[in-house]
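S.K.: Pasting in a structure now, in structure tokens, and then I'll have a few things to ask.
The values are calculated or read from the model by the stated rules, or taken from the named source; none is laboratory data. Remember, it's a predicted structure, so these values are computed and weren't measured experimentally. Note: ideal-geometry Cβ built from the backbone for every residue, glycine included; neighbour counts use all protein chains shown. Note: areas computed on protein heavy atoms with side chains; ligands, DNA, RNA excluded. Shrake-Rupley method; radii C 1.70, N 1.55, O 1.52, S 1.80 Å.
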Amino acid sequence: TQNITLAADIAVNLSYYRPILRKKPKKPEKFIIGISMLYHIPEPKINFSRVVNDIAQFVASLPSERFEFVLLPMGVTQNMPNDDTWALEQLRKYIPEEYTLEMYRSRDVEDFVNKTRQLHLLIGARLHSNILTTLNAVPCIGLSYRPKVRSFFNDNGIEQYCLNIEDTDGLPSLFWQLYDNYDEVAELFINVSKSNLAKREQYQEFANTYL
């Protein structure tokens, strides 16, 4: 009997990743934070505005001369109201004008992965924003709106960097813990990336044999 270890997600087979060990930028270079979020969290009519407010307050607490932000919608469709672009537009309304802020609408998955190389950190609710960014060896803080998000962080030994969606008021504390130990955290994430990407052959062998 041959044992085959499966990777956490089929996205591991994409060829777009260029994992490198990131370092905390030195002045005057800014620390770039990507944000991915969605409207359709549990009880969105109650919880969405709270999450937006928590994230906006976190952004406004950071010095604008040291940090900039990239908003990264993933679930974008003309057929569904309140898609990710709409959700991030709601967040943008509450971010002061002095912050450097880009709404980046990626053309496809490859473009999204390429954009994450510019980041020092992703704050992500979308599961695949966290998966793609982690595989590119960029540190993430996950916002778990469904068990699948936390499961990804747990399975990769990075559960300390995942917040439940009910606990987004804890984002500033977790961010500064990560930021103050950034080089160590970056090393953890590149090891997670390498571990997952090393499973490509097993995944492809399984697919070729059984699919």
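S.K.: Considering only residues that are at pLDDT 95 or above and in contact with a helix residue (DSSP H, G or I) (Cβ under 8 Å, 6 or more places away or on another chain), which ones fall in region 74-95?
M.R.: Of everything in region 74-95, those that are at pLDDT 95 or above and in contact with a helix residue (DSSP H, G or I) (Cβ under 8 Å, 6 or more places away or on another chain) turn out to be ALA87, GLN90, LEU91, TYR94, ILE95.
S.K.: Give VAL138, VAL149 a once-over and let me know the one that is surrounded by 14 or more Cβ atoms within 10 Å (Cβ to Cβ), within 19 Å of GLY75 (Cα to Cα), under 14 Å from the mean Cα position of the chain (by Cα) and not small (Gly, Ala, Ser).
M.R.: Working: VAL138 fails: within 19 Å of GLY75 (Cα to Cα).
Among VAL138, VAL149, only VAL149 is surrounded by 14 or more Cβ atoms within 10 Å (Cβ to Cβ), within 19 Å of GLY75 (Cα to Cα), under 14 Å from the mean Cα position of the chain (by Cα) and not small (Gly, Ala, Ser).
S.K.: Now a separate question. In region 44-51, is there at least one residue being without any contact (Cβ under 8 Å) to a residue 40 or more places away in the chain, loosely packed, with under 13 Cβ neighbours inside 10 Å and of a type in the set (D, E, K, R)?
M.R.: yes
S.K.: So, in region 105-119, how many residues would count as being surrounded by 12 or more Cβ atoms within 10 Å (Cβ to Cβ), of a type outside the set (A, V, I, L, M) and in a loop (DSSP other than H, G, I, E, B)? Spell out the reasoning first.
M.R.: Within region 105-119, the first condition is being surrounded by 12 or more Cβ atoms within 10 Å (Cβ to Cβ), and the residues that meet it are 105-106, 109-119.
Restricting the remaining residues to those that are of a type outside the set (A, V, I, L, M) gives 105-106, 110-112, 114-118.
Imposing the further condition that a residue be in a loop (DSSP other than H, G, I, E, B) reduces the set to 105-106, 117-118.
Going through region 105-119 one residue at a time, the tally reaches 4.
S.K.: Does LEU171 satisfy the condition of being open to solvent by less than 20 Å² (accessible area, probe 1.4 Å) and modelled with pLDDT of 95 or more?
M.R.: Judged against the criteria, LEU171 is a match.
S.K.: Evaluate region 83-104: report whether one residue or more is charged (D, E, K, R), surrounded by 12 or more Cβ atoms within 10 Å (Cβ to Cβ) and not in a helix (DSSP H, G or I).
M.R.: yes
S.K.: Further, regarding this structure: Exactly one of these conditions fails for LEU163: (1) closer than 22 Å to ALA60 by Cβ; (2) open to solvent by 70 Å² or more (accessible area, probe 1.4 Å). Give me its number.
M.R.: Against the list (1) closer than 22 Å to ALA60 by Cβ; (2) open to solvent by 70 Å² or more (accessible area, probe 1.4 Å), LEU163 comes up short only on (2).
S.K.: Out of all the residues in region 19-51, which are at pLDDT 95 or above, among the hydrophobic types (A, V, I, L, M, F, W, C), part of a helix (DSSP H, G or I) and over 16 Å from the mean Cα position of the chain (by Cα)?
M.R.: PHE48
S.K.: Still on this model: Answer yes or no: is there a residue in region 105-124 that is modelled with pLDDT of 95 or more and of a type in the set (Gly, Ala, Ser).
M.R.: yes
S.K.: Enumerate the pairs (first residue in region 155-184 and acidic (Asp, Glu); second residue anywhere and open to solvent by 80 Å² or more (accessible area, probe 1.4 Å) and outside any helix (DSSP H, G or I)) with beta-carbon separation below 9 Å, excluding pairs fewer than 6 apart on the same chain, so at least 6 apart or on different chains.
M.R.: Between residues of region 155-184 that are acidic (Asp, Glu) and residues that are open to solvent by 80 Å² or more (accessible area, probe 1.4 Å) and outside any helix (DSSP H, G or I), the close pairs are ASP183/LYS23.
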